[in-house]
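Structure, as structure tokens:
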């Protein structure tokens, strides 16, 4: 492999200033020169590999700031039931999966009883009709319930004494598992997945990331609905993948995180729930559920204590907040902790932050908080007659106000929340630029910052990553078009031609 | 003697020899089915509906015949030459005259609420080696599989019932360490049960193991938050708060002291006049040998470091000679050793009743002599000094 890569004919956005350079030179794993016009010619005789960007935009490698990599990878091997409209649909999908992998457990995800003609989850008798030769284990959209066939009920160690096991009139389990029993079951199944299977799943999933130009992810692993073994796996094997991983261990176990020598804690530490389940904490009633304002999972006192502990231990903290009440609670806790410790500069983060008010944004700025947001939510849930509108009514116009946040000077990192939305930074960028509510849109440059330099800032890596400058790590992505000239709504269709990680070309569309 | 195990992986033993490898899954299933219905005739039609539901009538009957014949061949007759299974034209059943034991029937024959002796319950508890017929699933035998499911529920409920009963008996009898052990077992089955967590923390507190109580609460809180995203109940939080506010000799612990039966440690002290600390070192040795290590090592590290100057004891970081322990001083002044020794005695006396027997007081080294007398003056209720010759 050549030790130098010369990228020419590019629109190189350094992300440190508004300049567009024409070329850059990579030596080993570092960018060593960047410039305009024909200045690159002096390097032509060095034997460098020349990559012609053909007028496409050249950017720092994308940083996805919120990514559940292990579960996304494992889920990619599962049966997607999101389109199933009836028991028959489910039956067809699981039968097919069992035929394709006759000896493996059929694991289904994204099952939604509301989408089914029958209006309920299939019990074991239903599932047995379609597949009884191997265990079938299906999860609902937000993993709150599971549906198992008889084989799976016998195959897994089910805690029948726990709350949440549904029984028929003969006191035999129906296969529908919820509440404590579901948590226990899910946790034990995930814990028993061998690391070799995690490795296989993540390695094969890695290709998806590379093709989308992602060179660094913030891996939100472990904790509720996931498995601590995922976090431990990433902790142990993070250096074995083609992309960089910054681990966010989703736990409240500060001593454990300190023992692992991690500098950060949290991720999806759920202060509230989701809009889908109407459990995000709002200061007003849900439009489609009068009287319901969702709920908070912590008391203010509990959260204050935990946040204070993080400040005292100098850990960067990421808290999951969706509704405005949850954001308020998080800000109160940060104000409490900062007031008592004076420990500023830890770059604490709020994840998702879908419904902040102007006051919240201002206070977050004062506290030095980072917003780690998921612009693609707006593409799939934003605008009239979609999820935000269903849940919030006219207040759908308040979600994800990127422009106001950026204007106020709060740093916004962009993430996909994969696999809730696809691992695709260009889709995220497109979503931020084309927010359904015009006043919340940001310009392309600010949208790009979310997935490059701001992403690096969010994990204290701005000295190495997030911009194209001399001395920076050569994590680079070359697009097939000039992103600044493409119609805004077409940004999502732009393709990645090349992905370079630490000076190594790891994806070349032409050679695919 | 024939033994049939249904809890855990189904297994059959004859004269303590496992004969399971001679039995197919269907054979195990057939034996279990008949044993579960041991006091009645079971129609062959019913058995077929459990085990060969999809087979044609003749094939199913032939399968059953073959399996019954196999059992007859594998399980020898009793002393009177009678077979384990009696088979008639339309029914079969277990021969009542054939001696055998089965964990499941033993369990079914017991009403937990009527048992009042811990020993009986412990015996019952030991039967739970796993789920009912773990790992057994018969393809296309829906009724049989459903029966397994049903029995698993029954067994799991019974297991929790047994454990709860053992816990309550231990509580009544104030056997706290044993109760703690069973609480840990039940917590593995019911990890989010606050009642058990409350009781566990309470017992740790009563045993004087405040650190373990605090750690248990912290772990429980983490599990609740991680898996359920809830916090412990207010009662549990209150208990934790009380723990934090209490010192090693809080009022509540003082109040409960009388209830805890302390374990005894008897120490015979050797004397050697000319060697400083010789007597004290043998007291430390006696304690290190008899007391629970994890409890001892709750003492602060500096104190243990000082003691290790006069007596070498094993803990990972203390495995090295004292002089190689980082931060260890080449010389420890007598006052520090004395203080460390008194701290150790105070700590151990919280949990144990210590009887120190001095062989020859006259021959004790000077420091040890003074310290033993000082100990006596403290009049700690759990430290008794006896002199065999003074």
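If the segment from residue B:125 to residue B:342 were pulled out straight at 0.36 nm per residue, it would be longer than the present Cα-Cα gap by 73.9 nm. Tell me, how many Å apart are the Cα centres for the stretch A:426-468 and for the stretch A:13-72? If we compute the Cα centre of each part, the gap is 17 Å. Considered as an equivalent ellipsoid built on the Cα gyration tensor, chain B has semi-axes of 61, 25, 19 Å, the largest given first. Averaged over the residues of peptide B:181-192, the number of Cβ atoms from other protein chains lying within 10 Å of each residue's Cβ is 2.
In whole angstrom, note down how far apart the Cα centers of the stretch B:177-236 and the stretch A:338-368 are. Rounded to whole Å, the Cα centres lie 35 Å apart. Among B:81, B:279, B:208, the largest mean-square fluctuation in a Gaussian network model of chain B, built with springs joining Cα atoms closer than 10 Å, belongs to B:81. Which of the three applies to the protein assembly as shown, rounded, prolate or oblate, going by the alpha-carbon gyration tensor with a ≥ b ≥ c and a/c under 1.5 meaning rounded? Note, shape of the protein assembly as shown comes out oblate. Ordering A:130, A:388 from the fewest to the most neighbouring beta carbons within 10 Å gives A:130, A:388. Across B:98, B:204, B:331, mean-square fluctuation computed from a Gaussian network of chain B (C-alpha pairs under 10 Å connected) peaks at B:331. Highest GNM mean-square fluctuation among B:134, B:242, B:16, for chain B modelled with Cα contacts below 10 Å: B:16. When B:190, B:245, A:96 are arranged by Cβ crowding within 10 Å, least crowded first, meaning fewest neighbours, the order is B:245, A:96, B:190.
Shielding by partners for peptide B:151-157, expressed as the average number of C-beta atoms from other protein chains within 10 Å of each residue's C-beta, is 4. Take the Cβ atoms of residue A:341 and residue B:9, set R0 to 45 Å, and the FRET efficiency comes out at 0.20.
Listed from fewest to most Cβ neighbours within 10 Å, the set A:476, B:94, A:370 follows the order B:94, A:370, A:476.
Here residue A:118 and residue A:188 are evaluated by their C-beta separation; at R0 = 30 Å the FRET efficiency comes out at 0.55. Note on residue B:111 and residue B:362: with the Förster distance fixed at 56 Å, the Cβ-Cβ geometry gives a FRET efficiency of about 0.30. Under the simplified labelling scheme, the residue B:58-residue B:157 pair shows an inter-label distance of 4.5 nm, with each label point 7 Å from Cα along Cα→Cβ. Extension gain for the segment residue A:83 to residue A:260, taken as residue separation times 0.36 nm less the Cα-Cα distance, is 59.6 nm to one decimal. For the stretch A:310-357, the alpha-carbon radius of gyration amounts to 1.13 times the rule-of-thumb value 2.2 N^0.38 Å expected for a compact globular protein. Extending 7 Å from the Cα toward the beta-carbon at both residue A:49 and residue A:239 defines two label points whose distance is 2.3 nm.
Peptide A:152-164 has a mean of 5 when you count, residue by residue, the C-beta atoms of other protein chains within 10 Å of its C-beta.
Every number in this text was worked out from the coordinates using simple rules, so none of it is lab data. This structure is a prediction, so every number in the text was calculated from the model and none was measured. Note that we place each Cβ from the backbone using ideal geometry, even for glycine, and neighbour counts take in every protein chain shown.
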